[in-house]
1. Please verify whether Gly134 is in a helix (DSSP H, G or I) and modelled with pLDDT of 95 or more, treating the condition exactly as stated.
2. Exactly one condition in (1) modelled with pLDDT under 95; (2) touching a Lys or Arg at 6+ places or on another chain (Cβ under 9 Å); (3) among the charged types (D, E, K, R) is false for Asp125; which is it?
3. When the residues of segment 199-221 are filtered to those that are touching a strand residue (DSSP E or B) at 6+ places or on another chain (Cβ under 6 Å) and without any contact (Cβ under 8 Å) to a residue 60 or more places away in the chain, which remaining residue is farthest from Asn306 (Cα to Cα)?
4. Considering Ile289, Ile234, which residue is touching a residue at least 24 places away in the same chain (Cβ under 8 Å) and either surrounded by fewer than 20 Cβ atoms within 10 Å (Cβ to Cβ) or of a type in the set (Phe, Trp, Tyr) (or both)?
5. Of the residues that sit in segment 90-114 and are in contact (Cβ under 8 Å) with a residue 12 or more places away in the chain, in a loop (DSSP other than H, G, I, E, B) and within 23 Å of the chain's Cα centre (by Cα), which one is farthest from Ile182 (Cα to Cα)?
6. Any residue at all in segment 72-89 that is closer than 30 Å to Arg104 by Cβ, among the aromatic types (Phe, Trp, Tyr), in the same structural domain as Ala148 (by TED's automatic domain parsing) and out of contact with any Gly (no Cβ under 8 Å at 6 or more places or on another chain)?
7. Of all residues in segment 179-202 being within 26 Å of Leu47 (Cα to Cα) and modelled with pLDDT under 95, which is nearest to the chain's Cα centre (by Cα)?
Amino acid sequence: VRRDPDALRRAREEHEAAVERHVYWQYLFHRQWTALQAYCHARDIRLFGDLPIYVAPDSADVWAHQERFRLDDDGTPSVVAGVPPDYFSPEGQLWGNPIYRWDRMAERGFEWWTERLRRAFELFDVVRLDHFRGFDEYWCIPAAHNTAIEGSWEDGPGAAFFRAMEDEFGELPVVAEDLGIITDSVGTLRDTFEFPGMAVLQFAFGGDPDNDFLPHHHRRNLVAYTGTHDNNTIVGWWRKGLSDTEREFARAYLNLPDANPEGRVHRQAVRAMMASVADRVVTPVQDVIGLGSEGRLNTPGTMGDNWAWRVLPDQITEADQEWLAELTRLY
């Protein structure tokens, strides 16, 4: 825990085989990933990655840089990350990640973040910054608490952080994950650096035609999604993710037929996203081929079957490809 030189030496000797095994696995991944990058770039395909704002309490980063996190004397977090209660979660979300000592990060010119982003930009052409709000202000929860109810908002690094990153990298190829309750100051921070935000179609049909996520309200500097990795598929959402009012609004907005709307909803959803003025559209392949909840990638706050779904070679038909290509040409 303390990185005592003698303890580290003993650990290196005792766990030499395990360490070498991980080094080799990482080498294999690096070789495979760079081959994939080359294949994609030769075909004008860019890779869009994701960078979680926080790291795990048992991560190498926290262990090796304990002074940059809010930890107790024994190396465990004194406060942890999450978000406060809202309409969807009466107890909030208790993530449990250690919180940064942003003052110490700033004193070192945010060098830890500089290297983290440098690696992300090596892996990906565009990077989504998860929980963008946390760079403006973040919810801080005492580590002993079992829910996120009793916490407090504290100031994040704000514009100084992104100016430091621009000084290092120039224009940042990032997308701001600005979902949830977004304050004016978060929107100002995003727009000051001209980062595109996000809009998710599945959140658009609460009954208010002024909802920013409806495609006719999109702006150009935006990434529009039928759903993200945390959402159900469009077909799964249509089957069991809507109230009667939302369903009727979605049926009218997406121009779904009275007969078998379920058979058309994924294509009409993709068309609505493509037809908007948003510069980028993300369409999960499950929504291209019309899968139900069996194709869902992740259910937030649950353990078990997440991140297990894989597309099979014969699931994407020639008709699916031609339809998607035609929408791309059309819009």
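1. Details: in a helix (DSSP H, G or I): yes; modelled with pLDDT of 95 or more: yes.
Spelling it out, Gly134 is indeed in a helix (DSSP H, G or I) and modelled with pLDDT of 95 or more.
2. All conditions are met except number (1).
3. Only one residue tops the list, namely Phe213.
4. Numbers: Ile234 fails: either surrounded by fewer than 20 Cβ atoms within 10 Å (Cβ to Cβ) or of a type in the set (Phe, Trp, Tyr) (or both).
Within the list Ile289, Ile234, the selection yields Ile289.
5. Out of the qualifying residues, it is Phe110.
6. No.
7. Only one residue tops the list, namely Leu179.
To keep it simple, each residue is scored yes or no on (1) hydroxyl-bearing (Ser, Thr, Tyr); (2) part of a helix (DSSP H, G or I); (3) outside the structural domain of Arg128 (by TED's automatic domain parsing); (4) surrounded by 13 or more Cβ atoms within 10 Å (Cβ to Cβ).
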| residue | (1), (2), (3), (4) |
| --- | --- |
| Glu150 | no, no, no, no |
| Pro157 | no, no, no, yes |
| Phe161 | no, yes, no, yes |
| Met165 | no, yes, no, yes |
| Glu168 | no, yes, no, yes |
| Leu172 | no, no, no, yes |
| Val175 | no, no, no, yes |
| Leu179 | no, no, no, yes |
| Ile182 | no, no, no, yes |
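The values are calculated or read from the model by the stated rules, or taken from the named source; none is laboratory data. Just so we're clear, the structure is a prediction, and the values are computed from it rather than from any experiment. Cβ atoms come from the backbone with ideal geometry, glycine included; neighbour counts cover every protein chain shown.
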